[in-house]
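Every number in this text was worked out from the coordinates using simple rules, so none of it is lab data. Not measured: the values here are computed from a predicted model. Note: ideal-geometry Cβ built from the backbone for every residue, glycine included; neighbour counts use all protein chains shown.
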Amino acid sequence: MNCGARMPDAAPFIRCIDTEQYGMPCRGASYLIGTEQVCLVETGTPRAAPILLHALEHVELSYIFVTHVHLDHAGAAGALAAHHPRAIVVAHPRAIRHLHDPTRLIDGVREASPDLYPLYGDPTPVHERQLHAAEDGEAFDIGDGIVVEAIHTPGHAPHHLCFLEPTGRVLFTGDAAGNHGIPVDIPLTVPPHFDLEAALATLGRLRELRPASLAFTHFGRAHEDATALLDAYQQELIDWFSRIRRLRERRSSEDVVRMILAEAEYMALASADRYSIEMCVRGALMTLEAVDR
């Protein structure tokens with residue numbers, strides 16, 4: 001299924017592919033970039049591999065860019081790299097070892113979100129020779145005048161990257177700017193290493209890039225003003241942590257989780273969406289506990 005049509009004329013060489021995260025439409029996106037050579041931004045969960053391999057059936061990838069190693073963003077990297085042995089998988093320097101050996105990543109996901117892990121599937125390793133640790137600001141030539149720049153953007157995770165396509169000024173946000181247009185509308189404060197101060201600094205840096213549009217992994221391209229969306233997410237993060245701090249003053253962490261999940265707007269959501277909300281609440285609680293120590 002392809003929920004994302006081609007981008008506007010400023011970037012007609014970018015196409016969004018729906019990876020059908022959790023078996024649902026319009027929850028996870030990968031982006032194909034290029035004309036002569038082709039690269040992919042984000043790979044979705046391991047279960048997305050067949051969808052992407054079908055979409056890439058007549059294409060040879062030059063690069064696979066992943067914003068971070070969480071399984072809904074890089075889970076299919078190993079499977080795609082194996083089918084495209086000339087492709088280079090580009091990630092943050094701190095992410096490389098987890099792509100080569102995902103054992104600790106798998107254990108961490110099972111602990112942080114045991115209900116979601118079965119919906120992800122099992123990742124496979126990426127061969128060392130196909131891995132590249134991206135420097136901050138490093139540019140990758142895709143051919144035909146197309147370049148992709150890697151930007152170090154910690155906060156959501158210490159090893160998070162965003163990618164900028166400067167011709168159309170399209171910014172691929174990963175999880176640095178939250179969700180867009182999906183039912184899970186709370187900030188992406190997942191455990192175990194969310195850093196509020198770094199996340200806010202990252203949003204300031206992304207504004208300085210002056211993107212014309214944002215390409216969200218969850219989900220699709222935003223047609224609204226990019227700067228306004230970044231500003232709005234910054235305020236959402238600030239308000240979210242203020243709210244979680246107030247709720248936990250006289251309640252246990254489990255009570256806070258139950259209270260938020262019991263809100264009317266979340267009660268009717270699919271189980272996977274509710275699991276995602278729970279994970280973000282727990283991540284925010286962990287962040288505050290670490291700050292208050």
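Taking only C-alpha pairs under 8 Å that are 6+ residues apart, what is the relative contact order of the chain in percent? Intermediate results must be reported in sequence, preceding the final value.
Working: 620 pairs, mean separation 44.0, N = 293.
About 15 percent, as a whole number.
What do you get for trypsin sites (Lys or Arg not before Pro) in the stretch 55-119 restricted to DSSP loop and a cutoff of at most 16 other Cβ within 10 Å of the site's Cβ?
Those satisfying the criteria are R86, R94.
Among 127-133, 270-276, how do they line up from the highest to the lowest mean number of other beta-carbon atoms within 10 Å?
Details: 127-133: 14.9, 270-276: 17.7.
Result, highest mean Cβ count within 10 Å first: 270-276, 127-133.
Give the whole-number value, in cubic angstrom per residue, of the convex hull volume spanned by the C-alpha atoms of the chain. Please list the in-between numbers first.
Values: hull volume 34.7 nm³, N = 293.
Per residue, the Cα convex hull of the chain comes to 118 Å³.
Amide H neighbours of G174 under 5 Å, counting only residues 5+ apart in sequence or on other chains, H built in-plane at 1.01 Å?
Placed amide hydrogens put T217 under 5 Å from G174.
Please identify every one of the trypsin sites (Lys or Arg not before Pro) in the stretch 198-264 that sits in a loop by DSSP and has no more than 12 other beta carbons within 10 Å of its own beta carbon. Don't skip to the answer; put the middle values down first.
Details: sites: R205, R207, R221, R243, R245, R246, R248, R250, R251, R258; in loops: R248, R250, R251.
Those satisfying the criteria are R250.
Give the angle, between 0 and 90 degrees and rounded to the nearest 10, that separates the Cα long axis of helix 271-292 from the longest principal axis of the Cα atoms of the chain.
70
Mind listing the phi-derived Karplus ³J(HN,Hα) values for the stretch 219-225, rounded to whole Hz, using 6.51, -1.76 and 1.60 with θ = phi - 60°, and x for any glycine or proline?
Karplus values, whole Hz, x for Gly and Pro: 8, x, 7, 8, 8, 6, 4.
Separation between the L53 and A228 pseudo-spin-labels, each 7 Å from Cα along Cα→Cβ, expressed in nm?
Once both label points are built, they end up 4.3 nm from each other.
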